Protein chains: 2
Amino acid sequence: MIEPFSDEYFMKKAFSEALQAFEKGEVPVGAVVVANGKIIARAHNLTETLNDVTAHAEMQAITAAANLLGGKYLGDCTLYVTLEPCAMCAGALGWAQTGKIVYGASDPKRGFRKFAPKALHPKTELIGGVLETECSELMQEFFRERR
Amino acid sequence: MIEPFSDEYFMKKAFSEALQAFEKGEVPVGAVVVANGKIIARAHNLTETLNDVTAHAEMQAITAAANLLGGKYLGDCTLYVTLEPCAMCAGALGWAQTGKIVYGASDPKRGFRKFAPKALHPKTELIGGVLETECSELMQEFFRERR
């Protein structure tokens, strides 16, 4: 059983978003933003649907969370995302001074840890590998179907 | 005199966008996207106006250009921007496989060449320092006024 309001609990919510992306034929990545134990933004990758490379789950989640909060900094927020952010998303999370970032699967090919290791704000707490197997298997299934 | 349709010519157009940002109290960065010698997108930084860290000039220009072209890749396009892109924007320009990028002033503090040197697509042509003095002085004037 997953404990309520744990990192696993919120990653499950991000995973639900990733499943919605999968069903639309989008690379299955989902994200949620949490503040004070509540989800304030949900998003999934929509690059194909919107014909827009900037429509990654994290980017939409950052914009939505800032809209809701009425300010552009997310220092008191945690972003949960099913895949390690890319350089673009890490850069955005850095500008937003995001308090904590939790990701599921690693992305050795396009992940920020390889391409932009210092893009995050120095105070950001980073946790990787939460529900890694599920998040990773969903990605693998998506690309297997497309080969 | 600036030759029509040269890099300097289009950078002047990006500079006009940067001036619009300046007048709104935004960090003065402007961008245009050019395809077949025509400007297909114009944008300037709107992070304060929109309360959104993702609203950099380049990000908006990429989205607008892709909307106009009906496809998310900008391989046949040149993006002109008055300031060296940050890691976020370089990541987005990389995903879009942008054909050519021309920037004005360097950004040693937040520029992608320091934070995400491999974020661009390997085939992207990169030119820096076009109208560097004007672009750089506009930034300096903005921050001087705020001190």
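If you place +1 on the Cβ of every Lys and Arg, -1 on the Cβ of every Asp and Glu, and leave all else neutral, what size is the dipole of region A:7-142 about its Cα centre, to the nearest 20 Debye? Could the numbers behind the result be given before it?
Numbers: 13 positive and 16 negative charges, 110 e Å.
Dipole magnitude for region A:7-142 comes out near 520 debye.
Measuring how big region B:52-147 is from its alpha-carbon positions, Rg and Dmax come out at 13.5, 43 Å. Only DSSP H runs of four or more residues enter the estimate; each adds -39500 (n - 2.57), and after division by the residues of the protein assembly as shown the mean residue ellipticity at 222 nm equals -12500 deg cm²/dmol. Across the options B:LEU126, A:PHE15, A:ALA55, the greatest Cα extent toward the positive end of the charge dipole of the protein assembly as shown (unit charges at beta carbon of Lys, Arg, Asp, Glu) belongs to B:LEU126. Here the dipole of region B:1-80 is about 220 debye; that uses its Cα centre as origin and unit charges on the Cβ of Lys and Arg (positive) and Asp and Glu (negative).
Of all chain B residues, the closest to the B-onto-A rotation axis by Cβ, with that distance in whole Å, is B:ALA116, 2.
Averaging 1/r over each pair of different alpha-carbon atoms in the protein assembly as shown and inverting the result gives 19.3 Å, the Kirkwood hydrodynamic radius. A protection proxy built from the mean count of other Cβ atoms within 10 Å ranks the segments B:140-147, A:63-70, A:121-128, B:114-121, most packed first, as B:114-121, A:63-70, A:121-128, B:140-147.
Taking the DSSP beta bridges with both ends in the protein assembly as shown, the antiparallel portion is around 60 percent. The dipole here belongs to the protein assembly as shown: it is taken about the Cα centre, uses +1 on the Cβ of Lys and Arg and -1 on the Cβ of Asp and Glu, and is about 320 debye. Using the structure shown, list the pairs from B:LYS13/B:LYS100; B:LYS12/B:LYS123; A:LYS12/A:LYS100; A:LYS12/B:LYS72; A:LYS72/B:LYS12 with a Cα-Cα distance above 21 Å, or answer none. Pairs exceeding 21 Å: B:LYS12/B:LYS123; A:LYS12/B:LYS72; A:LYS72/B:LYS12.
Taking region B:1-96, which trypsin sites (Lys or Arg not before Pro) meet the DSSP loop condition and have no more than 15 other C-beta atoms within 10 Å? Walk me through the numbers on the way to the answer.
Numbers: sites: B:LYS12, B:LYS13, B:LYS24, B:LYS38, B:ARG42, B:LYS72; in loops: B:LYS24, B:LYS72.
Counting only loop positions with at most 15 other Cβ atoms within 10 Å, the trypsin sites (Lys or Arg not before Pro) in region B:1-96 are B:LYS24.
Each copy carries a label point for B:LYS13 at 7 Å from Cα toward Cβ; from one copy, the others' points are 4.4 nm away, ordered from shortest. For peptide A:9-22, the mean count of partner chain Cβ atoms within 10 Å of a residue's Cβ comes to 0. Taking the label point 7 Å along Cα→Cβ, A:TYR73 and its counterparts in the other copies are spaced 4.1 nm apart, in ascending order.
Here the Karplus relation 6.51 cos²θ - 1.76 cosθ + 1.60, evaluated at θ = phi - 60°, turns the backbone of region B:48-58 into coupling constants of 6, 4, 9, 6, 8, 5, 7, 8, 5, 3, 4 Hz, with x for every Gly and Pro. Each other copy places its own label point for A:GLU48 at 4.1 nm from this one, sorted shortest first, where the point lies 7 Å along the Cα-to-beta carbon line. Please enumerate, by chain and number, the lysines with C-alpha under 18 Å from the C-alpha of A:LYS114, excluding those fewer than 8 residues away in the same chain. Here the lysines satisfying the reach criterion relative to A:LYS114 are B:LYS114, B:LYS118. Note on region B:7-142: antiparallel DSSP beta bridges, both residues inside, total approximately 60 percent of the bridges counted.
Charge tally around A:VAL81: other residues with Cβ under 10 Å, Lys/Arg +1 each, Asp/Glu -1 each, net -3. Taking all Cα pairs closer than 8 Å and separated by 6 or more residues, the relative contact order of chain A comes to 20 percent. Our note on the geometry: Cα centres of region A:35-73 and region A:7-24, 14 Å apart. Positive contributions from Lys and Arg (+1) and negative ones from Asp and Glu (-1), summed over other residues with Cβ under 12 Å from the Cβ of B:ALA14, come out at -2.
FYI, it's all coordinate maths here, none of it is from the lab. Since this is a predicted model, take the numbers as computed values, not measurements. All Cβ positions, glycine included, derive from the backbone under ideal geometry; neighbour counts span all protein chains shown.
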